[in-house]
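Single-structure report; data block below.
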Amino acid sequence: MSAVPTVSITSTDAMLAEKIRPQVAKGHSSISGLSSGAFMTVQMHLAHSSRFCGAGIIAGGPYRCAAMYRRAAALRGDANILTAYFIGMNPLIPSVAPSGIELAKQARERSGTDIDPIGHLKDQRLYIFSGTQDKVVYQSSVEQTKLFYHELGVNDRHVKWVSDVAAGHAIITRNPEDSPLSTNQPPYINQGDFIQSHDILKTIYPDSQSPTHAAPLTGLLHRFSQLALMPGDSEAERYDNLKNASMSEFGYVYVPASVLDHYAAASEGHHHQHNQPVRIHMVMHGCKQGYNYTPVINGRPDTDNYPPYGNRYITTTGYNEYADLNNMIVIYPQAEGVDDGKIQNPDGCWDWWGYTGDDFYSKNALQIRALSRILENFGG
Amino acid sequence: MTHSNKRKADLLTLVYSPFGHLNSGQKSFNRMLLNSWQNQMQTGEVLCSRHLNLKEIGDDMVAFQKAIVDRMTEQQVALLEGIKDIQDEYCEYQETNTLTKLMDNNCNIAGQMMALAQSQMTGWAQLLDNIQVDYGYWLYLQAEKAKQCECKG
C-alpha cells in the first residue's frame, strides 16, 4: 500500500446529515485521537460512554490527570497547566506519573452524574499506544491510562496495548513523505511499517475488514460548519462559544458512497441492504494539526506561510480508506490556536487542562458539549 | 477565524500593559519561591516521618537524578546539533552575488542563533519547572502515604 488515496473536499450538502442520520447504528460509535486529541478522546469517551463502543488512544494520559495536583500553584488554572505539562505529559519518574487507580476512583464517584454511568465501559474495546521514543507524552503516563480503564472494569482481553514500537510522538502511517518513525516533530505523522488508524479501527470493530491494497476512495470528504453546531440560542452566542472553545469554523466528515447510495435507493423506494451497519468514528487531531493551525514565530502567527499542514491529518492518515471499505463515517472536528491572554492555546490543542474553564472534562464542558452535538448531528 | 482576528489593544490597555507584564513576572517568580519553600518544608516532614521507607525513597531519588541528567543531555545535544546546523548554513552562504541576498543571509544566521538561544532558555526554564513540580508532587505523595501509615497505627 504505497500510494496515498486521494480525496476531494466538497462543501456541505445541507441535507447530508439528514441522509446519514437514520442509517447510523446508535451506541456503536467510536473515537480516537493523538496527544491532546487522545486526552480529549478519554474525556469524551468517559463523558458519553453510552454512545461509544470503543476508543483509540495514541499517546494520551488518563482522565482528568491535569487536575491531580492542586498544590502546584495558588490558582487552579495555573496548577492545571503545570500538572498537565509535568505530571500528565512529562513525569520525570514513573512514581510521579498520574495515578490511574486514583483517577479511576474519582471517575467512579462522578459516574451517572456529569459523566455517563461507568458500567457502559465494561464491554468496550480499546487501543492504547505509546512509542518507546516519545519525548512529548512519556510512556509512564500512558501506562496509567491502561491501568485507569482496567480499574474501571474494562476487560483486559478487549484492550490492545502497544508499547514496544520505537516511535516518537506521532500517528503512524506507511507514507514515505511522513517524518522518520522515531522523531517527535510536527506534523506528528511518522512513517512506520503499519497504518495505525487501521489497527485502531480493527481493534474496536473486530468484524471489519482491513484494506489490503490502495484503491480509489468511493466517497467524499464534506466540510461542515462547526459554528452552526455550537451550543447557543443565537448566532452571536454560538460564535462566542466557538471562540471560547478555541474551535475552528469548519469540521470535516468523510462519507463513503455506499451510505449515500443507500439513501438514494431508499428514497426511490428500492430495498437496499447494507452488508454492515453504518457506524461513526470520530477522529481527534493533536496539537498543531488542525486545518488552520498557524505556527507562531517569536509570539506572532506566521500568517505568510500558513497553513503548514492543512488537512493532511484528515486526508493521509488512513482513516478514510478503512471507512470506505466498512460503511463507516469519519468525523474530523477541528480545534484552532488562540493565545489572547484569556485563552492560552497557541498550538490549537484540545482542552484537557482547563483553558475553556474549570469544568473541562464532563458533559458540561464547552468542547465536550460541542463534540456531542456534532456526533449527534450525524446520528451517533 | 484565526489569529488575524485577534483583538487590538486600546490605548489605555497599552499604557498599563508594562504593569501587567511586571505583575505576571512577579506572580511566576512568587510561585517558584513559594513552591521551593513548600518543597523544603515537605522534605523536612518526610525525613522526620516515623514511617520512612528508605529503600523506596533512595530508589526514587536515584531515578530522579538519572531522569534529570537524561533531560540535560537531551538539551545539550539539541544545542550542539543547532550550532552544527547554523555552521553548515553559514558555509553554504559563501556564494552570495547580490547585496540583497547578502543581507538576507546574514540576517537569517542572526535570526537562527537567536531562535536557538530562545529554545535553549525555554528548555532550561521548562526543566526547572519540571523538577520543582514533580519533586513537590512526589513529596506530597510521600506525606500522604505517611499519614495513612499513622492512621493505621
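Structure summary
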item: Residues being away from chain A (no Cβ under 14 Å) and more than 30 Å from B:ASN130 (Cα to Cα) - total across region B:66-118; result: 21
item: Test: residue in region A:333-340 that is more than 18 Å from the chain's Cα centre (by Cα), more than 27 Å from A:ARG64 (Cβ to Cβ) and open to solvent by less than 30 Å² (accessible area, probe 1.4 Å); result: no
item: Any hit, region A:207-215, residues being of a type in the set (Val, Ile, Thr) and open to solvent by 50 Å² or more (accessible area, probe 1.4 Å); result: yes
item: Matching option when the condition is of a type in the set (S, T, N, Q) and surrounded by 19 or more Cβ atoms within 10 Å (Cβ to Cβ), among A:GLN139, A:GLN124, A:GLN133; result: A:GLN124
item: Whichever residue in region B:1-26 is at pLDDT below 65 and not β-branched (Val, Ile, Thr) and, among such residues, is nearest to A:TYR239 (Cα to Cα); result: B:MET1
item: Criterion violated by B:MET121 - all others in (1) farther than 26 Å from B:SER28 by Cα; (2) free of Cβ contacts under 8 Å to residues at least 12 places away in the same chain; (3) away from chain A (no Cβ under 12 Å) satisfied; result: (1)
item: Output for region A:117-130, where each listed residue is within 18 Å of the chain's Cα centre (by Cα) and either outside any loop (DSSP other than H, G, I, E, B) or not polar (S, T, N, Q) (or both); result: A:LEU121, A:ARG125, A:LEU126, A:TYR127, A:ILE128, A:PHE129
item: Selection count, region A:148-181, where residues are open to solvent by 60 Å² or more (accessible area, probe 1.4 Å) and farther than 21 Å from A:TYR293 by Cβ; result: 10
item: Region B:40-59, residues that are over 18 Å from B:LYS147 (Cβ atoms) and within 12 Å of chain A (Cβ to nearest Cβ); result: B:ASP59
item: Some residue of region A:53-66 being open to solvent by 50 Å² or more (accessible area, probe 1.4 Å) and out of contact with any Phe, Trp or Tyr (no Cβ under 6 Å at 6 or more places or on another chain); result: no
item: Residue satisfying all of: in region A:148-193; part of a helix (DSSP H, G or I) and not acidic (Asp, Glu); farthest from A:GLY60 (Cα to Cα) among these; result: A:ARG157
item: A:LYS243 vs. criteria more than 20 Å from A:GLN43 (Cβ to Cβ) and either assigned to a strand (DSSP E or B) or within 14 Å of chain B (Cβ to nearest Cβ) (or both); result: yes
item: Lone unmet requirement of (1) within 13 Å of chain A (Cβ to nearest Cβ); (2) open to solvent by 70 Å² or more (accessible area, probe 1.4 Å) for B:ARG31; result: (2)
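The values are calculated or read from the model by the stated rules, or taken from the named source; none is laboratory data. Keep in mind it's a predicted model, so treat the numbers as computed, not measured. Don't worry about glycine lacking a Cβ; one is built from the backbone with ideal geometry, like all the others, and counts go over all protein chains shown. These accessible areas exclude ligands, DNA and RNA; they are computed on the full protein's heavy atoms, side chains included. Shrake-Rupley method; radii C 1.70, N 1.55, O 1.52, S 1.80 Å.
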